[in-house]
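Notes follow once the structure below has been shown.
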């Protein structure tokens with residue numbers, strides 16, 4: 001496992017660590033009996049690890065996870081949005097309880113939820129956060145005032161114009 005570019009001694013979170021976290025989530029009592037929710041999370045995690053998170057669409061989730069068939073129309077069938085909301089709630093509950101010390105935090109999609117998870121991880125002083133300037137998943141948050149405030153709270157160095165951070 002290679003380290004973070006330009007930051008010696010700080011490891012990246014490996015795909016194995018992410019899958020181990022997914023395993024802990026999936027086998028927790030909170031997700032017992034929630035097969036479709038586990039499938040939903042598995043699909044999102046695996047596609048994210050493969051670098052395909054941006055191309056993961058409601059239609060595919062409806063067909064692959066919720067068995068809606070080829071005629072599935074996400075404009076009229078809200079199953080994916082409803083279940084995404086339920087999954088976010090379950091993840092919040094998990095990380096408030098059983099998973100509160102888990103070093104890998106899973107979340108879904110939107111910017112506000114991502115920033116909430118990032119703030120929580122910063123409060124817990126998760127050491128892997130030192131590479132938030134380098135990891136692609138945080139790219140969409142960079143430049144937001146809230147993201148910059150979190151960076152300041154963590155005492156990360158200022159990014160220079162033209163730095164290696166994506």
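FYI, it's all coordinate maths here, none of it is from the lab. Note that the structure is predicted; figures quoted are calculated from it, not measured. Cβ: placed from backbone, ideal geometry, glycine included. Neighbour counts: every protein chain shown.
So how much slack lies between residue 57 and residue 98, counting 0.36 nm per residue of separation and subtracting their Cα-Cα distance, in nm?
Working it through step by step, the gained length comes to 11.8 nm.
Given labels modelled 7 Å from the Cα in the Cβ direction, how far is it in nm from residue 88 to residue 158?
The two pseudo-label positions are separated by 3.4 nm.
Under the definition of Cα pairs under 8 Å and six or more residues apart, what whole-number percent is the relative contact order of the range 11-107?
Value for the range 11-107: 30 percent.
Per residue Cα convex hull volume for the range 31-71, in cubic angstrom?
Spread over its residues, the Cα hull of the range 31-71 gives 58 Å³ apiece.
Give me the number: length gained by fully extending residue 18 to residue 119, i.e. 0.36 nm times residue separation minus the C-alpha to C-alpha distance, one decimal in nm.
Going from the current span to full extension adds 34.4 nm.
For the range 41-132, rounded, prolate or oblate, judged on the Cα gyration tensor with a ≥ b ≥ c (square roots of eigenvalues), a/c < 1.5 rounded, else prolate if a/b > b/c?
Cα axes put the range 41-132 in the prolate bin.
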